[in-house]
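Since the structure comes first, as structure tokens, the remarks are kept for the end.
The values are calculated or read from the model by the stated rules, or taken from the named source; none is laboratory data. Here the structure is a predicted model, which is why all the values come from computation and not from measurement. Please note: Cβ atoms are built from the backbone with ideal geometry, for glycine as well, and neighbour counts cover all protein chains shown. We work out accessible area using only protein heavy atoms, side chains counted, and drop any ligands, DNA or RNA first. Shrake-Rupley method; radii C 1.70, N 1.55, O 1.52, S 1.80 Å.
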Amino acid sequence: MSVPEYQAFLAGQRHASFLQHPSWGRVKDLWRSELLGWGPPSGELHGGALVLYRQLPGTRKYFAYLPEGPVADWSDPHVDGWLTPLLRHIRAAGAFAVRIGPGPAYRRWDAAAVKAGAGPGRHISDVLASEVDPLGTAVADRLRTRGWQRCGGEEDGDAQPRHVFRVPLAGRTPDDLWSGLNQEWRRNIRKAEKSGVETVLGTADDLPEFYRLLRITEERDGFRLGRSLAYYEKQYEVLNAEAPGRMRLYLARHQGEILAAHTMIVAGRRVWYQTGASADHRREVRPSNALQWRMMCDAHALGADEYDMRGVPSTLDPDARSFGLLRWKLGTGGQVVETLGEWEIPMTGYANTALYKAFQTYLARR
């Protein structure tokens, strides 16, 4: 499909991930991208996909990846009617294997249930879910019976986060959102306001400062995203060229200094908090709480159905370093959502199966 054709299709898919928009293919410049659609010869499309292809060094074969896609009706009981032709096309394009990220959710846990279930050595799967999505369960069963394997088994093992944190916005007023925050969050937001923390929208010129704070955050919290400043500059340029305001940079200033910077992405009726960074000093004025509240309110004003705070760890062990991130997000009163995760399958043929096994071995040793 052409970009305009694909964008016209996405206009009717208000909950499609930003990772399935054409701009994401231009962000991932080490991958070749292709836009696909399917449906009757005449009439509206029934589904679509941004497919990324990464060449396996030394071969003419590719690993195909549909991040948080395809965009399809997963409730269709005749899934083979579009999934089989899609795989046939991807195989003909030279792929030895494909990874997808189906849209339906699998399980949800309210913040109260997660807090009550925390304890040494515990994981989110040890807690009875507040809701189990029957569609997600059905899609997982359908994929398994067709030979697909869930990446990482039942644990986190995906390129995109398996467990995310989402704050429902639809049907709620700003006062509802405020009352949904726990006491600590409300206190910290008030403290930021009284301390003179100012939240503003930044521009591309502020990305170097965002990146400086991100490196500080990575060092402090013990993780590395492995992204360069050039990556964020390109992402900001490409996403906003596709739709002005698609990627936004929020800044928290205090006494003239930027203490925190967070990025937000808007697509359809969904809003994502993507990456957050903050300084090591003056943390007592709570700039990150102020930023998140501003972003949540802006998402609500944009008409978003939910505010997706992205990945959280599956551990509920208070002594685990990563648990602090989950605890912080729980204060917004949202839900931990286990997505269906990512699924892989090798293309038919002995050579493709052998390449896929070698590829899995390579990933396991990295």
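Looking for whichever is aliphatic (A, V, I, L, M) and open to solvent by 50 Å² or more (accessible area, probe 1.4 Å) here; the options are Ala241, Ala261. Which one fits?
Ala241
Look at the range 46-88 and say how many of its residues are within 18 Å of Ala159 (Cβ to Cβ) and not aromatic (Phe, Trp, Tyr).
14
Could you tell me whether the range 350-364 includes any residue that is open to solvent by 10 Å² or more (accessible area, probe 1.4 Å) and under 14 Å from Val167 (Cβ atoms)?
No: the range 350-364 contains no residue that is open to solvent by 10 Å² or more (accessible area, probe 1.4 Å) and under 14 Å from Val167 (Cβ atoms).
Working carefully through the options Ala261, Ala252, Ala277, Ala290, find the one that is assigned to a strand (DSSP E or B), farther than 28 Å from Gln20 by Cα, of a type outside the set (Phe, Trp, Tyr) and in contact with a strand residue (DSSP E or B) (Cβ under 6 Å, 6 or more places away or on another chain).
Ala252
Could you please let me know if Gln274 is polar (S, T, N, Q), open to solvent by less than 10 Å² (accessible area, probe 1.4 Å) and within 18 Å of Leu214 (Cβ to Cβ)?
no
Pull out all pairs, ordered by first then second residue, where Cβ-Cβ is under 6 Å, the residues are six or more apart or on different chains, the first lies in the range 47-73 and is in contact (Cβ under 8 Å) with a residue 24 or more places away in the chain and surrounded by fewer than 22 Cβ atoms within 10 Å (Cβ to Cβ), and the second is hydroxyl-bearing (Ser, Thr, Tyr) and part of a loop (DSSP other than H, G, I, E, B).
Glu68/Ser17
Scan the range 307-336 and report the pairs whose first residue is part of a helix (DSSP H, G or I) and whose second residue is of a type in the set (Gly, Ala, Ser), with Cβ atoms within less than 7 Å and a gap of 6+ or a chain change.
Hits for this filter: Leu330/Ala111.
Step by step: first the residues of the range 79-121, then only those that are in a loop (DSSP other than H, G, I, E, B) and open to solvent by 40 Å² or more (accessible area, probe 1.4 Å), then the one that is nearest to Ser17 (Cα to Cα). Which residue is that?
Applying the filter and picking the extreme gives Gly103.
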